[in-house]
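Okay, so here's the structure we're looking at.
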Amino acid sequence: MPETLRGTIERITFHNEENGYTVAQLAPEGQTYTVTVVGAMLGINIGESVELTGAWTAHPQYGRQFKADTVRTILPATIAGLEKYLGSGLIKGIGPVTARRIVRKFGLDTLQVIEETPQRLHEVLGVGRKRVELITRAWAEQRKIKEVMLFLQSHNVATGLAVKIYKAYGDEAIDIVCHDPYRLARDIFGIGFVTADKIARAIGIAHDAPERVAAGVAYVLSEAADEGNVYLPAAELKKRASEMLGVPAEMIEQGIAALAEAEQVRVEGEASAGQPRLAEERPVYLTPFYYGEVGVANRLRRLAEAGPDRLAMFRHFDWPATFAALQAQNRQALTAHQMEAVQSALTRRITVLTGGPGTGKTTTVRSIIRLAEAAGAKTVLASPTGRAAKRLSEATGRPAKTIHRLLEVKPAEGFSFGRNEENPLEADLVIVDEASMLDLILTNNLLKAIAPGAHLLLVGDVDQLPSVGAGNVLNDVIAAIEGGRSQQSGGKGQETTFDLAPGSCILPPDSCAVVRLDTIFRQPEGSYIITNAHRINRGEMPILDNRNATDFFLFREEDPAKAADLIVELVQERIPRKFGLKPEEIQVLSPMHRGEVGVGALNARLQAALNPPGPKRIERQVGGRVFRTGDRLMQIRNNYDKDVFNGDMGYITDIDLEDQMITVNMDGRPVRYDFLELDELIHAYAISVHKAQGSEFPAVVVPLLTTHYLMLQRNLLYTAVTRAQRLVVLVGSPRAIGIAVKTDRAKERFSGLAERLGQASDRRS
């Protein structure tokens with residue numbers, strides 16, 4: 001028979017946010033000792049009183065523990081329990097200090113006072129009129145959602161998620177959950193299909209219900225987009241969805257048809273050349289990605305053709321004299337490819353400038369800006385992330401913005417953009433740096449805002465990792481431009497001409513160009529960062545010479561636990577002591593999220609070493625994570641209301657336990673987060689290489705072990721190394737480095753942009 005255990009959560013030892021599995025210490029009612037409880041307890045918090053149903057078990061390593069099958073939050077019945085309950089942050093306006101004062105004043109009648117005569121809270125020291133109003137509103141809200149909470153908890157929905165559901169839907173929450181539980185996955189950040197599916201199954205929705213199948217198909221497409229795919233071929237979609245849902249492929253076809261009828265997906269029946277495709281090859285898009293891809297292709301073509309050229313004056317420039325003048329100003333001659341890039345950006349509507357580190361991209365961009373401004377042209381600069389925009393501004397001496405801010409995002413109006421076709425940017429030349437990070441949807445919105453006749457310059461390193469979002473825009477545009485041309489030979493000094501081959505690029509050949517910079521400028525003696533970056537990119541082993549190197553080192557260690565210890569020691573002591581860098585200037589970049597040298601475990605170790613608990617450091621535990629003043633954090637989703645975006649980094653400056661708010665300094669700007677919004681933030685002492693795109697750090701430490709085998713890729717190592725300004729430290733083995741260098745099978749993405757621009761029929765890029 002199941003047993004029941006009541007008590008208060010004292011500490012959370014481990015918590016997996018994906019499946020809710022939790023290991024916690026619970027003080028049983030009336031006892032001073034604690035016991036270990038384990039089970040799926042998503043959303044429980046320290047200080048909560050709970051009733052667990054389950055059984056006592058004996059773990060061979062950890063001993064006696066209570067395995068919980070169900071968990072229910074209950075109101076406490078003791079003075080100590082009341083203090084922990086009220087001070088746990090569940091009720092906005094009451095923190096630990098205020099909770100202690102209230103309970104000491106009213107004892108076991110505390111909850112009754114708050115419920116029936118909240119004005120009596122004025123009798124408590126430090127509780128003024130505004131705080132009483134805040135507590136009263138918060139308690140009233142708790143009372144209103146009691147019915148919703150009980151209903152959701154009866155279907156194994158944890159408290160934290162139940163609160164999110166209520167805040168999203170209000171009094172309609174139960175009705176929505178009962179009639180369309182899969183809507184939760186679409187509407188609420190932090191609730192995915194798996195959670196919504198558990199709720200749906202709990203309320204009786206059948207395994208093969210059409211709404212479950214359709215929601216599962218949409219989820220598989222969404223997951224594919226998170227992997228970078230713009231679409232999935234029908235056969236691949238049916239295979240993935242059938243395996244996940246456990247239903248036959250025929251039902252998946254019906255789900256696709258239902259979604260298509262509801263205009264949630266778009267199935268393409270013909271290739272761009274008008275040739276029919278086999279049914280299994282037909283691409284299935286989520287509707288926004290379909291229109292995004294079509295929009296990018298059409299808008300690039302219009303940009304290349306439409307309107308009088310805003311920089312027409314450069315077509316008649318005396319370029320030899322111009323480059324001679326630039327050389328005199330810069331005291332450095334531009335290479336032939338740099339001169340080609342400058343001329344192309346100012347005479348062609350669309351130019352892509354690509355090249356590795358140290359090849360002079362920044363010098364080239366500065367020359368382009370200088371000439372444009374001298375001719376009276378208006379230039380705007382942007383990058384996909386805030387950190388990249390800041391670096392671009394510092395490098396050029398001109399203001400630069402994130403693309404979202406450049407487009408004047410309007411969260412109050414459905415996250416639309418103030419700059420679009422009706423209100424284009426006031427610019428003759430738009431320069432976008434770190435263009436390898438451009439995803440399809442953002443690119444489409446950017447192109448909407450570029451006025452006819454303006455020029456677009458995309459600057460980026462095409463050999464880095466592709467964008468985190470869906471698409472491979474920079475690669476596809478380069479493939480279309482280069483693959484859609486046949487170069488005809490010309491004599492020395494003769495202008496090169498191009499012909500469009502049959503079925504080739506739809507962009508006019510005289511309006512677009514790709515320029516690759518390949519000259520590596522001189523580096524200081526013993527400096528290997530740029531040299532090794534290019535060696536890695538060519539598939540060659542980097543120079544590993546700790547004795548003579550000044551900025552590129554390998555610490556050999558294959559054991560993951562020892563490697564993790566070494567990384568902490570390097571960041572905390574050895575690098576600061578030898579190179580004069582502060583720990584906050586050192587960024588750990590891991591290829592993996594899991595494992596002892598994965599992002600999660602390294603963050604826990606580095607937080608304990610660099611920002612340990614202390615009397616002046618306020619902290620708040622959410623699930624298995626502790627947020628503490630001084631912690632380094634990263635935003636992991638775009639939040640237009642707060643004007644923060646995926647990849648922005650900052651530090652916790654304040655935690656208000658009573659108002660349940662955390663304040664994060666994001667590049668000098670305070671941003672406040674409600675405790676319920678903390679799933680938008682991750683600790684950033686260690687981050688993934690993917691999350692580091694667009695950023696540079698004074699020093700990077702990169703674990704590379706053979707246990708990372710699946711993630712050891714050339715472009716991943718290349719991206720990690722090129723994030724460093726002054727120092728690269730690899731921790732691992734030459735064997736793991738060799739695997740990464742030799743592995744050039746970058747994961748293919750399903751993208752149709754190159755084909756829409758006229759590239760070959762292979763739809764994967």
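Simple spin-label estimate for A168 and M541 gives 5.2 nm between the two label positions (7 Å along the Cα-to-Cβ direction from each Cα). Along the charge dipole of the range 200-359, which of I252, G355, N298 sits closest to the positive end, that is, farthest toward it, with unit charges on the beta carbon of Lys, Arg, Asp and Glu (+1, +1, -1, -1)? Farthest along the dipole direction, towards plus: G355. Angle of helix 319-330 to the longest C-alpha principal axis of the chain, folded into 0 to 90 degrees and rounded to 10: 50°.
Computed over the alpha-carbon atoms, the range 160-213 gives an Rg to Rh ratio of 0.94, Rh here being the Kirkwood radius from the mean inverse distance.
Near I618, the amide H atoms lying under 5 Å from its own belong to T629; only residues 5 or more places off or on other chains count, and H is placed 1.01 Å from N. Expressed as an acute angle from 0 to 90° and rounded to the nearest 10, what is the orientation of the C-alpha long axis of helix 159-169 relative to the principal long axis of the chain? The angle comes out near 70 degrees.
Packing around the peptides 233-246, 434-447, 256-269, 584-597, taken as the average count of other Cβ atoms within 10 Å per residue, puts them in this order, highest first: 434-447, 584-597, 233-246, 256-269. Charge tally around R637: other residues with Cβ under 11 Å, Lys/Arg +1 each, Asp/Glu -1 each, net -3. Under 1.5 on a/c is rounded, so check that first for the range 702-748, then, if it is not, pick prolate when a/b is larger than b/c and oblate when it is not; a ≥ b ≥ c are the square roots of the alpha carbon gyration tensor eigenvalues. Because a/c hits 1.5 or more and a/b fails to exceed b/c, the range 702-748 counts as oblate. Net charge of the neighbourhood of T719, taken over other residues with C-beta under 9 Å away and scored Lys/Arg +1, Asp/Glu -1, is -1.
Can you give the accessible area per residue of the range 214-262, in Å², using a 1.4 Å probe?
Numbers: 1970 Å² over 49 residues.
Dividing the accessible area of the range 214-262 by its residue count gives 40 Å².
Using a probe radius of 1.4 angstrom, the carbon and sulfur fraction of the accessible surface of the chain is 50%.
For the range 699-708, the Karplus equation 6.51 cos²θ - 1.76 cosθ + 1.60, evaluated at θ = phi - 60°, returns couplings of 9, 10, 10, 10, x, 9, 10, 5, 5, 8 Hz by residue, with Gly and Pro reported as x. The amide H of T402, built 1.01 Å from its N in the peptide plane, has S383 as neighbours under 5 Å, considering only residues 5 or more places off or on other chains.
Could you give the accessible area per residue of the range 358-408, probe 1.4 Å, as a whole number in Å²?
On the way: 1910 Å² over 51 residues.
Per-residue accessible area for the range 358-408 comes out at 37 Å².
List the relative contact order of the chain as a percent without decimals, with contacts defined as Cα pairs under 8 Å and 6+ residues apart. This gives 11 percent for the chain. K105 sits with roughly 110 Å² accessible to a 1.4 Å probe, with DNA, RNA and ligands left out of the calculation. At the residue level, K582 shows approximately 120 square angstrom of accessible surface with a 1.4 angstrom probe and all protein chains present. Computed with every protein chain present, the accessible area of R419 is close to 40 Å² [probe 1.4 Å].
Given axes a ≥ b ≥ c from the Cα gyration tensor, I'd like to know whether the range 546-698 is rounded (a/c under 1.5), prolate (a/b larger than b/c) or oblate. The shape class here is prolate.
May I ask for the net charge around T98, where only other residues with Cβ less than 15 Å from the Cβ of T98 are counted and Lys, Arg are +1 while Asp, Glu are -1? Display every interim value, and only then the final one.
Working: positive: K84, K92, R100, R101, R104, K105, R120, R129, K130, R131; negative: E83, E123, E133, D656, E658, D659.
Neighbourhood net charge equals +4.
The values are calculated or read from the model by the stated rules, or taken from the named source; none is laboratory data. In this text, all values refer to a predicted model and were calculated from it rather than measured experimentally. Positions of Cβ are generated from backbone atoms using ideal geometry, with glycine treated the same way; all protein chains shown enter the neighbour counts. With ligands, DNA and RNA removed, areas are computed over all heavy atoms of the protein, side chains included. Shrake-Rupley method; radii C 1.70, N 1.55, O 1.52, S 1.80 Å.
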